[in-house]
Amino acid sequence: KRITGKREDGEDGIEAIKIAQNAAKEKAIREKALADTLRGENELFKKEIAIADNKEAVIEAHERRIAEIKKKYALEGLNAQIDALKVLIAATEEGSLERIEAEKILAQAQLAISNITTEQFIINEDTKTEKIKLSTEEILQISNDLTQALGDLANSLFDRKIQNIDEEIQQLEDSYSKQLELAQGDDEQTKLLEIEQEKRRQELEKKKRKEQ
């Protein structure tokens with residue numbers, strides 16, 4: 001999705017919140033896909049080990065494939081989190097503590113992915129499975145950090161939207177307070193203003209409840 005840099009109260013802010021809300025669903029989908037893939041690999045292993053002469057080689061190959069599968073899905077999940085974090089960062093107030101911290105975590109995650117991607121081309125075949133496992137553990141740790149950053153930014157956006165509505169309500173009260181003051185002595189005009197004020201206030205309160 002294109003990032004335009006709009007703030008929390010713009011369309012990108014709304015889109016960012018949707019992304020945060022969908023993160024858990026996307027994670028569940030990836031976890032199911034991982035479980036299905038691992039199940040398929042285990043079924044394949046059972047068939048291979050049953051007829052293998054060199055069972056040790058089959059076990060080593062199986063362990064390698066398991067490690068690679070887990071790394072693949074962990075990396076896919078991390079990249080999805082990075083994409084979501086970029087949108088959330090763009091929709092968060094520039095210079096805010098949440099944004100600064102998230103930008104730092106994002107940079108660290110991107111550097112780690114670069115290093116992990118490079119390492120896969122230079123590691124020794126004899127230690128490849130263990131290296132893959134270590135890489136996966138590192139990816140999952142980074143993913144945990146990104147989960148925290150995503151949560152912090154999403155909460156910041158939600159809080160800001162509520163704050164904006166509260167400010168709208170206060171501005172409404174101030175505006176009608178002045179109008180009612182000017183309409184003193186005109187009972188009909190005063191009544192119309194009070195009805196209009198209450199209607200608009202109820203609309204904003206409904207908007208606020210919807211966000212909560």
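The values are calculated or read from the model by the stated rules, or taken from the named source; none is laboratory data. Since this is a predicted model, take the numbers as computed values, not measurements. Note that we place each Cβ from the backbone using ideal geometry, even for glycine, and neighbour counts take in every protein chain shown. Side chains are part of the model used for accessible areas, which takes the heavy atoms of the whole protein and leaves out ligands, DNA and RNA. Shrake-Rupley method; radii C 1.70, N 1.55, O 1.52, S 1.80 Å.
Given only helices, namely DSSP H runs of n ≥ 4 each adding -39500 (n - 2.57), what is the per-residue ellipticity at 222 nm of the chain, to the nearest 500 deg cm²/dmol?
After summing the helix terms and dividing by the residues of the chain, the value is -31000 deg cm²/dmol.
So with the 1.4 Å probe, I'd like the accessible area per residue for the range 131-206, rounded to whole Å².
Heavy-atom accessible area per residue stands at 66 Å².
If I compute solvent accessible area with a 1.4 Å probe over the protein chains, what percent of it on the chain is carbon and sulfur?
Carbon and sulfur atoms account for 50 percent of the accessible area of the chain.
So if I place +1 on the C-beta of Lys and Arg and -1 on the C-beta of Asp and Glu, and nothing else carries charge, what would the dipole magnitude of the chain be about its Cα centre? I want it in debye, nearest 20.
940
Give a residue-ordered list of calculated ³J(HN,Hα) values for the range 136-152 (Karplus: 6.51 cos²θ - 1.76 cosθ + 1.60, θ = phi - 60°; whole Hz; x for Gly, Pro).
With the stated coefficients, the range 136-152 comes to 5, 4, 5, 4, 5, 5, 4, 4, 4, 5, 5, 4, 5, 5, 4, x, 5 Hz.
Comparing I105, I51, I89, which has the greatest mean-square fluctuation in the GNM of the chain with Cα pairs linked when under 10 Å apart?
I51
As a test of reading the structure, rank E173, E203 by solvent-accessible area (1.4 Å probe, protein chains only), most first.
Output order, biggest surface exposure first: E203, E173.
Can you return the lysines within cross-link range of K25? Criterion is Cα-Cα under 17 Å, with same-chain partners fewer than 8 residues away left out.
none
Sequence neighbours fewer than 8 away in the same chain don't count; with that in mind, list the lysines whose C-alpha is under 18 Å from K32.
Output for K32: K70, K71, K72.
Once Rg/Rh (Cα atoms, Kirkwood Rh) is worked out from the coordinates, which option in [x] 1.05; [y] 0.98; [z] 1.26 does it equal?
The listed entry that was calculated here is [z].
Sort 161-169, 129-137, 53-61 for me by packing, meaning the mean count of neighbouring Cβ atoms within 10 Å per residue, highest on top.
Put in order of decreasing packing, that is 129-137, 161-169, 53-61.
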